[in-house]
Amino acid sequence: KDIVDSAIRLGDAVEKLKLAMGNPDIKFDLLAHSQRGLVARYYAKYGAQDVLEGELPPIPTGSGAGNLNKVILLGTPNQGTLEALKILHQGLKKVFRPMPPAVTFTMPALYEMLPPEGIPSFADLNGDPITLDLYDPETWIENKLSVFANGGQEEFRREIRAAGSDAESGAESDVQIRAFLTRMLRRAQRFQDALAAPAPVAQDVAFHAFGSDCIPTLK
C-alpha cells in the first residue's frame with residue numbers, strides 16, 4: 001500500500017473512535033514515528049482523500065485537521081530519505097524474511113519517501129554533485145537501479161509467478177514493469193507536492209518535530 005492509503009485508514013479509525021466515544025467534536029493527539037509522520041501530515045491536510053491521481057496541483061482542504069489537536073513527529077523523513085532508494089535498489093535484508101529488489105520494487109510507500117525534487121542527493125567519487133532525476137523512469141533504467149539491474153526483471157517475473165500470478169515473459173512484461181514504475185514515480189511526485197502545498201489558514205494543529213543529532217545521513 002502507499003502512504004495515502006494509510007492516511008485513509010487513519011481517517012476511518014478516527015471516525016470510529018469518535019463514534020465509539022460518543023463525542024463528534026473530540027480532537028486527538030498523534031504520536032507518529034518515521035514514515036507515520038508523513039501519514040499524519042497528509043491526513044491533516046487532506047483527510048481521508050486521495051488527491052494524487054489528478055492533474056491539477058493538490059489544494060489542501062484541512063479536513064483532517066479538524067480532528068487533531070497536536071501532532072508529534074519522531075524521526076520523520078520530512079525531506080525524504082535515501083534509505084528508501086537503497087531498499088528499492090538492494091532489497092531488505094531481514095534475518096527471517098529477506099526481500100529482494102523484485103519484492104521491494106512493488107512497495108508504493110518507498111517511492112513516496114524518496115527525496116523531493118531539487119534536493120541534492122548524489123555525488124561522484126570526487127565528491128562533486130551529480131544531477132539525477134529520481135522521478136524520471138529513464139534514470140532508473142539507464143543506471144540499472146532496482147529490478148533494472150542485470151537479471152532483475154527476470155527475477156521479478158519469477159517472484160510474481162511464485163505468488164501465483166500469470167506473469168508474462170519477455171517484452172510485454174518489461175513494458176508492464178516500466179509502466180508500473182512510471183505510475184509509482186508520478187504518485188510519489190504528487191505526494192511530495194501535496195505535502196509541500198501550504199496548509200489552510202484556519203488549520204489549527206500544533207506540529208512538534210523531534211530528530212536525533214539532525215546531521216546529514218542516508219536517513
Computed over the chain: longest principal axis from alpha-carbon atoms vs helix 152-162 long axis, angle to nearest 10 degrees, is 70 degrees
Over the chain, the sum of -39500 (n - 2.57) across DSSP H runs of at least four, divided by residue number and rounded to 500 deg cm²/dmol, gives at 222 nm -13000 deg cm²/dmol
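Quick check on the chain: of the DSSP beta bridges with both residues there, what percent are antiparallel, nearest 5%?
Details: 3 of 14 bridges.
Around 20 percent antiparallel, to the nearest 5.
Sorted by average packing, counted as other Cβ atoms within 10 angstrom per residue and highest first, what order do 52-64, 77-89 take? Numbers along the way, then the final one.
Values: 52-64: 14.7, 77-89: 19.0.
Going by the mean number of other Cβ atoms within 10 Å, highest first, we get 77-89, 52-64.
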Applied in sequence order to segment 128-137, the curve 6.51 cos²θ - 1.76 cosθ + 1.60 (Karplus, θ = phi - 60°) yields integer Hz couplings, x standing for Gly and Pro, of 7, x, 10, 8, 10, 8, 5, 9, 9, x
For Leu68, other-chain or 5+-apart residues with amide H closer than 5 Å (H placed, Pro excluded) are Phe28
Semi-axes (Å, rounded, descending) of the ellipsoid equivalent to segment 1-79 per its C-alpha gyration tensor are 20, 16, 11
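Quick check of the Kirkwood formula: for the chain, what is the inverse mean of 1/r over all pairs of different Cα atoms, in Å?
Working: mean 1/r = 0.0526 Å⁻¹.
Final number for the Kirkwood radius of the chain is 19.0 Å.
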The simple spin-label model distance between Phe210 and Gln90, using points 7 Å out along Cα→Cβ, in nm, is 2.9 nm
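Indicate the gyration tensor shape class of segment 78-165 (rounded, prolate or oblate), computed on the Cα atoms with a ≥ b ≥ c the square roots of the eigenvalues: a/c under 1.5 is rounded; otherwise a/b larger than b/c is prolate and the rest oblate.
On the way: a/c = 2.07, a/b = 1.73, b/c = 1.20.
Taking the square roots of the gyration eigenvalues as a ≥ b ≥ c, segment 78-165 is prolate.
Compare Asp213, Asp29 by solvent-accessible area with a 1.4 Å probe and give them largest first, with all protein chains kept in place.
Working: Asp213 125, Asp29 90 Å².
From most exposed to least exposed: Asp213, Asp29.
Of Met21, Met184, which has the most accessible area and how do the rest follow, probe 1.4 Å? List each step's numbers first, then the result.
Numbers: Met21 110, Met184 10 Å².
Result, largest first: Met21, Met184.
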Once the in-chain neighbours fewer than 8 apart are removed, the lysines whose Cα is under 30 Å from Lys18 read Lys1, Lys27, Lys45, Lys70
Percent relative contact order for the chain, counting Cα pairs under 8 Å at least six residues apart, stands at 26 percent
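The values are calculated or read from the model by the stated rules, or taken from the named source; none is laboratory data. Predicted model only: the values in this text are computed from it and were never measured. With ideal geometry, Cβ positions are generated from the backbone for all residues, glycine too; neighbour counts draw on all protein chains shown. Remember, those area values only see protein heavy atoms, side chains included, never the ligands or the DNA or RNA. Shrake-Rupley method; radii C 1.70, N 1.55, O 1.52, S 1.80 Å.
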